[in-house]
Every structure is written in structure tokens, then in C-alpha cells.
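Here's the structure, in C-alpha cells; my notes come after.
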Amino acid sequence: MNDVLDKLAARIKAARRLTILTGAGVSAASGVPTFRGQEGLWRQYRAEDLATPEAFARDPRLVWEWYDWRRQLIAGCRPNAAHGVIAAWSKRHGTAVITQNVDDLHLAAGTQGLIRIHGSIWELSCWGRCSQGATPWRDDRVPLDQPRCPHCGQLARPAVVWFGESLRREDVEAATSATACDVFLTVGTSAIVYPAAGLIHEARDHGAFTAEINLEATPASSAVDVAIQGAAEEVLPAVDALL
Ligand code: APR
């Protein structure tokens, strides 16, 4: 284990451009449930059953109940040591942080220049896409019961990217440009949801040294230069101590 930590630390130290991609595993130690794995279900539903425009069209009350439950839970969570290390590294010139997490715990930890490719659970937009309500607004009230668009009065939706929806163009551009780096580190993601899961392959194609930190093996593990099995909140501080 020490060998791989040394190897990763040496690469990070020498990197002019470091890019970090994070997923739900980074927030697990803060108490935010991950989407897949044992604690991934809410009632009997999987994320794929609820996080879609079709699910919202069918039963907005159910989908809002799920988001309200997550919002209440996240409101009581604080960043952990993994967020802390990533925030410190983000202040180094040439570092980009891309997250799939909508909990905003990276922001709470002080991460700079964060690219939130799946949006924020604390922002809403108009489900009816009225002209003003298409731009997300912040609403951090908890609990929240079927909120309405302040501009047109139609139902509001969480301003997160659902399955089957496109990522915002500026986020795709920023994330794609960040794959031109010397070191690409993926942390706490199951690496199965695209386009995020494809970024590590793009980075590899650009000649980046690639590394993964995850509790378990993922589809990315066999593709990276270094796969470290461990908890993000333990491994990242250990790597940081070697810099
Ligand atoms: N440290 C490191 N890895 C961890 C930890 C931890 N403490 N705890 C869990 N993990 C790992 C799990 O092994 C798993 O591979 O984090 C990963 C979490 O995977 P998912 O729940 O699938 O989360 P993520 O990859 O972020 O999901 C991607 O799917 O539902 C959508 O939009 C949602 O952004 C989300 C996307």
C-alpha cells in the first residue's frame, strides 16, 4: 500500500495539471448515502427509478419526497477529511475538481473552481421551463413541499441532471478541457454513469497518469495506472502527508 501512495504522491507533486473527479463515496463519511450498494435504496426505489424526467412527470410528489429526504439529510452533514484535502489541493495552480455530487460539500470545504456536472440539490428550476425559471435559483429551505416557480407559478424541479438529460454545455467543456492533465485522480465513484465515467479514458488518451481511490474495484480499476482500495477520507490525507 505504501508503495502506491508514494507513487501517487510523487506524480501529484510533479504534476503541472492535476484533475480530480469525485463521486458519492467522497461524501459517504459525512453521512450522505451513496446511490449504489447496500444503502443505495430509498424505500424500494433505486436512483434510476426516480432521477428521470419520466418519473417526475408521472409522480412529482414522490420524486420531491425523495429529494426532500436527501436535502434534510445533507443539511445536517459536514465536509469530511477527503473534502478537506481536495479543497486544499484545489488552491494549487493547475488543479481542476469535477464532481458528480450535488450535495455541495466540496463548496462547504472551500474547493475552488468546482465543476458540478450534475448540478446542485440546493438549486431549483421551472419544470415548465418558463423563460425566467429556466435559470436555476437557490432554495435551501428544509423541509420543502412541492415548491413552485417564483416566476410563473408552475411546479419547480430540482436543478440536477437526471438520467436521460444532457449535462450543461459549459460543464462538459470545462470537464473535457480538464482531461488534458498530467494526473487524473478519480475518487469514490462507481465509474458506471456516463459521461463522467468516460473522462478518465479521455485523460489516459491525453497521456495522463491515472489513479483511482475507492473502497472496492470498479470498471475503471483495470484501466488506471494505480488503483488504491481504501476510504477516501483516509487515503487522501495519507497522500497529502507525503507531498
Ligand atoms: N471512500 C471511497 N470510496 C467509497 C467510500 C469511501 N468512504 N464509500 C463508498 N465508496 C465508493 C463505492 O465503492 C462506490 O463505488 O463510492 C462509490 C459510490 O458509487 P455510486 O453510489 O454509484 O455514486 P456515483 O459514482 O457518484 O454515482 C454517479 O449516479 O445516480 C447517479 O447522478 C447520480 O452522481 C450520481 C451518479
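Per this entry, VAL160 is counted among residues that are within 24 Å of ARG58 (Cα to Cα) and under 13 Å from the mean Cα position of the chain (by Cα). Apart from one condition, THR176 fits all of (1) within 26 Å of ARG71 (Cβ to Cβ); (2) polar (S, T, N, Q); (3) outside any loop (DSSP other than H, G, I, E, B); the exception is (1). Scanning region 51-65 for residues that are more than 9 Å from the ligand (Cβ to nearest atom) and under 18 Å from the mean Cα position of the chain (by Cα) yields one hit, THR52.
Only one of the numbered conditions (1) within 16 Å of the chain's Cα centre (by Cα); (2) closer than 23 Å to LEU73 by Cβ is not met by LEU144, and that is (1). Scanning region 3-24 for residues that are in a helix (DSSP H, G or I) and either open to solvent by less than 20 Å² (accessible area, probe 1.4 Å) or within 14 Å of the ligand (Cβ to nearest atom) (or both) turns up LEU5, LEU8, ALA9, ILE12.
Contact annotation: residue pairs with Cβ atoms under 6 Å, 6 or more positions apart or on different chains, pairing a residue in region 40-51 that is among the hydrophobic types (A, V, I, L, M, F, W, C) with a partner that is open to solvent by 20 Å² or more (accessible area, probe 1.4 Å), are ALA47/PHE35; ALA51/PHE163. Scanning region 103-145 for residues that are of a type in the set (D, E, K, R) and free of Cβ contacts under 8 Å to residues at least 60 places away in the same chain yields ASP104, ARG116, GLU123, ARG129, ARG138, ASP139, ARG141.
The values are calculated or read from the model by the stated rules, or taken from the named source; none is laboratory data. Keep in mind that this is a model prediction, so the values were computed, not measured. For neighbour counting, all protein chains shown are included, and Cβ atoms are generated from backbone atoms with ideal geometry for every residue, glycine included. What goes into the accessible areas is simple: the full protein's heavy atoms, side chains included, and nothing from ligands, DNA or RNA. Shrake-Rupley method; radii C 1.70, N 1.55, O 1.52, S 1.80 Å.
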